[in-house]
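Got a structure for you, written out below as structure tokens; questions coming shortly.
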Amino acid sequence: MPVESRVDAMTDETIKIECRSVSKIFKQRGGKVQIPVLNSISLSVVENEFLVIVGPGQCGKTTLLRIIGGLETPTTGNVLLDGKEVSGPGPDRGMVFQKYTLFPWKTVMGNVEMGLKLGGMSKKERREIAGHYINLVGLQGFEKAFPHQLSGGMKQRVGIARAYANDPKVLLLDEPFGQLDAQTRYLMEQETARIWLAEKKTVVFVTNSIEEAVYLADRIVTLEGKLPGRMKSTYVVNLPRPREHIDKEFLKLRHMITHETELLL
Amino acid sequence: MKTTMEHTISVHATSQGNGPAAFVRRVLKNRHFLYVVSIAGLLIIWHFFAVSSKDSKYMPTPFMVLNELWRIAHENLAGKNLWGHLWSSLHRVLIGFAIGSIVGVPLGLFMALNRYVNALVKPVFDLIKPMPPISWISLAILWFGIGEESKVFIIAIGALVPALINSYNGIRLVDPALYDAIRMLGANRWQTLVEVTFPAGFPALFAGLQISLSVAWSCVLAAELVSARSGMGFLIILGMTMSKPAMILSGMVVIAVTAYLITAVLSKVEKWVCPWKVELMQ
């Protein structure tokens, strides 16, 4: 490919998130024990891209996501969002947590509209927007239910709607389906793809499942399997959507990544 | 949950057939039936124990206690009937409980939210905490006399301790992930406090108030046993000086029933103010 056209392709897409040699060292017992978690991660995510970060447990992928979210500060390096350095959590990034982390004292509606409420939007307006996203994730009729009355899959639908309703610039999902049974997990992957196609967002999605990554991603970044987390390789997924888990190309890519990362799955 | 459980039980029972054995099985599985058996059993054992004892004067039967209850509910003792005395005690409990929780809850909240407040208050509180509230009684009488104030003082001290501990712990033990979630949604410090800290700490705070109220109830009785001219504690002491065990037992029954009712009302209130907590209550 000629160099010029590649440059053209790059400038065509706006860079949303840029991690610049992000490293993180956790200190324990007053700094006596130092655990390096991330080692010089540099990556960028372009607008409306679905980026999936894959790695086994304990490889620092959640920490990387929390640094992008501003919930952790990098020891060295920094993260830019729209060219501005991230200095803390904020509503321009929406996060979906592995353990759902819904507000148990709020109904589904109360959870989904929370971000808008914090932003000072009138009740009527925010109810309307929250209602739209509750419908989008397929929870119409459950507006008045409390989180403890919902199944795991439904809880995570609320988590996704809550993040979406706040209209963040980027969506960060931290192993969102890790606690679900296999069947619900497949369903939620399909739902995520459907929701994302319906309302495109820049997404960073962290998972330990290569299959999930190939199903969802525009681009996959793999991390090495031991601490500190280093970037290993990047794969562009050009398969048409909706994708089929048993499609030949799908399996080929899945096999290739599995082979190269020495991950079982 | 409860209804589904009962449902499965009845289904199970009918599947066993309709004979007398099945009927007995069904009755034995009925919770309410067993409750009645339990209370009736206690009354029967009590009755026969009382009847067979040598001196029925010191061990009255349940019927004698019931009779006595009826009498003191209508007759005045030291200017008040049973309800008057009950109200005297409740009145003290409510004032003392109100003072104790109005001081204890905010203090616990501030201690949990600010480490300087915590560092200043905690050592003093840790010193006061293990003292039984009753141990203040002599001092309270010297300071405030034998009137209402000394009793209210003891009740307030007794109510303060659990109110403070539980609001402190309730706030300290809030799941940090909830703070992550609300901050990612754009909450500032004040919004974090209102939308997460308070609602998340509320069940523990409320549990603390429930304990406070039951401590307050035991404190009032203790205070009245020492010195009082009204109240349920006074009634019991009066029964002792008049050598009337039936009167003592009547007083004890009323005290127990009142405490039970207070607890029942509070759990209803809790269900009403935190409907999302039902899961934990079962």
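Laboratory data are not the source of any read-out in this text; all were calculated from the coordinates shown. Here the structure is a predicted model, which means the values were calculated and not measured. All Cβ positions, glycine included, derive from the backbone under ideal geometry; neighbour counts span all protein chains shown.
Work through the residues other than B:Ala112 whose Cβ is under 13 Å from its Cβ and net out their charges, Lys, Arg +1 and Asp, Glu -1. Kindly include the intermediate steps, with their values, before the conclusion.
On the way: positive: B:Arg115, B:Lys122, B:Arg172; negative: none.
That works out to +3.
Still on this structure, I have one more. Write down the Å³ per residue value for the convex hull defined by the alpha carbon atoms of chain A.
Details: hull volume 40.2 nm³, N = 265.
Measuring per residue, one finds 152 Å³ for the Cα hull of chain A.
Return, ordered by residue number, the residues of the range A:53-69 whose backbone nitrogen is under 20 Å from a label point located 7 Å along Cα→Cβ of A:Glu260.
Residues passing the 20 Å test: A:53-57, A:59-61.
Counting Lys +1, Arg +1, Asp -1, Glu -1, what net charge surrounds A:Lys99 among other residues with beta carbon under 13 Å of its beta carbon?
Details: positive: A:Lys155; negative: A:Asp174, A:Glu175, B:Asp175, B:Asp180.
Taking every other residue near A:Lys99 into account, the sum is -3.
Still on this model: Students often get this wrong: which residues of the range A:94-136 have the backbone nitrogen under 18 Å from the point 7 angstrom along Cα-to-C-beta of B:Ala177?
A:94-108, A:111-112
How about the range A:158-200: which trypsin sites (Lys or Arg not before Pro) there are in a DSSP loop, with at most 12 other Cβ atoms within 10 Å of their Cβ?
On the way: sites: A:Arg162, A:Lys169, A:Arg185, A:Arg194, A:Lys200; in loops: A:Lys169, A:Lys200.
Here the trypsin sites (Lys or Arg not before Pro) that fit, given the DSSP loop and packing criteria, are A:Lys200.
Just want to confirm a number: the relative contact order over the range B:71-281, from Cα pairs under 8 angstrom separated by 6+ residues, in percent.
Numbers: 250 pairs, mean separation 51.4, N = 211.
The normalised contact order for the range B:71-281 reaches 24 percent.
Now for a different question. In nanometres, what is the gap between the two model label sites at B:Ile146 and B:Val273, each 7 Å from Cα along Cα-to-Cβ?
That separation, rounded to one decimal, is 3.8 nm.
Need one number: convex hull volume per residue for chain B, Cα atoms only, in Å³. Present the calculation step by step, with values, prior to reporting the outcome.
Working: hull volume 51.8 nm³, N = 282.
Normalising the Cα hull of chain B by residue number yields 184 Å³.
In debye, nearest 20, what is the charge dipole magnitude of chain A about its Cα centre with +1 on Lys and Arg Cβ and -1 on Asp and Glu Cβ, if you could check?
On the way: 36 positive and 31 negative charges, 216 e Å.
My answer is approximately 1040 debye.
Using 7 Å Cα-to-Cβ label points, what is the B:Met242/A:Lys84 separation (nm, one decimal)?
Once both label points are built, they end up 7.9 nm from each other.
Count, for each residue of A:87-98, the Cβ atoms from other chains sitting within 10 Å of its Cβ, then give me the mean as a whole number. Before the final figure, lay out each step's value.
On the way: counts 0, 1, 9, 4, 5, 2, 2, 3, 5, 2, 5, 1.
For this peptide, the per-residue mean of nearby foreign Cβ atoms is 3.
Convex hull over the Cα atoms of the protein assembly as shown, averaged projected area in nm²? Write down the numbers at each step before the final one.
Working: hull surface 151.6 nm².
Taking a quarter of the hull surface, the average projection is 37.9 nm².
Considering only DSSP states other than H, G, I, E and B, which trypsin sites (Lys or Arg not before Pro) in the range A:20-126 qualify as loop sites with at most 11 other Cβ atoms within 10 Å?
Numbers: sites: A:Arg20, A:Lys24, A:Lys27, A:Arg29, A:Lys32, A:Lys61, A:Arg66, A:Lys84, A:Arg93, A:Lys99, A:Lys106, A:Lys117, A:Lys123, A:Lys124, A:Arg126; in loops: A:Arg29, A:Lys32, A:Lys99, A:Lys106.
Those that pass, being in a loop and sparsely packed, are A:Arg29, A:Lys32.
Would you compute, from DSSP H runs of 4+ residues alone, the mean residue ellipticity of the protein assembly as shown at 222 nm, taking -39500 (n - 2.57) per run and dividing by the full residue count, rounded to the nearest 500? List each step's numbers first, then the result.
Numbers: 23 runs with 316 residues, N = 547.
Value at 222 nm, helices only, nearest 500: -18500 deg cm²/dmol.
Add +1 for every Lys or Arg and -1 for every Asp or Glu among the other residues with Cβ under 13 Å from the Cβ of A:Asp247, and state the total.
Values: positive: A:Arg241, A:Arg243, A:Lys248, A:Lys252, A:Arg254; negative: A:Glu211, A:Glu244, A:Glu249.
After counting each charged neighbour, the total is +2.
I'd like the per residue volume of the convex hull spanned by the Cα atoms of the range A:165-216, given in cubic angstrom. Numbers along the way, then the final one.
On the way: hull volume 4.3 nm³, N = 52.
Taking only Cα atoms, the range A:165-216 has a hull volume of 83 Å³ per residue.
Report the semi-axes of the equivalent ellipsoid for the range A:103-167 in whole Å, largest first, where each axis is √(5λ) for an eigenvalue λ of the Cα gyration tensor. Don't skip to the answer; put the middle values down first.
Working: eigenvalues 62, 27, 20 Å².
The three semi-axes for the range A:103-167 are 18, 12, 10 Å.
Quote the relative contact order of the range B:67-196 in percent (integer), defining contacts as alpha-carbon pairs under 8 Å separated by 6+ residues.
On the way: 107 pairs, mean separation 40.2, N = 130.
Computed over the range B:67-196, the figure is 31 percent.
Can you work out ³J(HN,Hα) from phi for every residue in the range B:197-207, in order, using Karplus 6.51 cos²θ - 1.76 cosθ + 1.60 and θ = phi - 60°, giving whole Hz and x for Gly and Pro?
So the Karplus estimates, Gly and Pro as x, are 4, 5, x, 6, x, 4, x, 5, 4, 5, 4 Hz.
Where q = 0.15, 0.17, 0.22 Å⁻¹, what log10 of I(q)/I(0) comes from the Debye formula for the range B:124-207, counting one point per Cα?
Here log10 of I(q) over I(0) equals -0.66, -0.74, -0.96.
Hey, what do the phi angles of the range A:186-203 turn into as Karplus ³J(HN,Hα) couplings, whole Hz, using 6.51/-1.76/1.60 and θ = phi - 60°, x for Gly and Pro?
Listing the rounded values in order: 4, 4, 5, 5, 4, 4, 4, 4, 5, 4, 5, 5, 5, 9, 5, 9, 7, 10 Hz.
Taking θ as phi - 60°, what are the ³J(HN,Hα) couplings along the range B:61-71 by the Karplus curve (6.51, -1.76, 1.60), each to the nearest whole Hz, with x for Gly and Pro?
7, x, 5, 5, 5, 4, 4, 5, 4, 4, 5
Additional query: Under a crude label model (7 Å from the Cα following the beta-carbon direction), how far is B:Val36 from A:Asp181 in nanometres?
About 4.1 nm separates the two model spin labels.
Within the range B:14-89, which trypsin sites (Lys or Arg not before Pro) sit in a loop by DSSP and count at most 10 neighbouring Cβ atoms inside 10 Å?
Details: sites: B:Arg25, B:Arg26, B:Lys29, B:Arg31, B:Lys54, B:Lys57, B:Arg71, B:Lys80; in loops: B:Lys29, B:Lys54, B:Lys57.
Counting only loop positions with at most 10 other Cβ atoms within 10 Å, the trypsin sites (Lys or Arg not before Pro) in the range B:14-89 are B:Lys54.
Tell me, what is the FRET efficiency for A:Thr73 and B:Ala264 to the nearest 0.05, using R0 = 51 angstrom and their Cβ-Cβ distance as r?
Numbers: r = 51 Å, r/R0 = 0.99.
E between A:Thr73 and B:Ala264, to the nearest 0.05, is 0.50.
Under the definition of partner shielding as Cβ atoms of other protein chains within 10 Å of a residue Cβ, what is the mean value for peptide A:114-122?
Values: counts 8, 6, 2, 5, 10, 4, 2, 0, 0.
Counting other chains' Cβ atoms within 10 Å and averaging over A:114-122 gives 4.
Next question. What residue among A:Asp92, A:Asp82, A:Asp247 shows peak mean-square fluctuation when chain A is described by a Gaussian network model with Cα springs under 10 Å?
Result for chain A, Cα springs under 10 Å: A:Asp247 fluctuates most.
Suppose every K and R has +1 on its Cβ and every D and E has -1 on its Cβ; what is the size of the dipole of the protein assembly as shown about the Cα centre, in Debye to the nearest 20? Show your work: numbers first, answer last.
Numbers: 58 positive and 44 negative charges, 294 e Å.
Rounded to the nearest 20 debye, it is 1400 debye.
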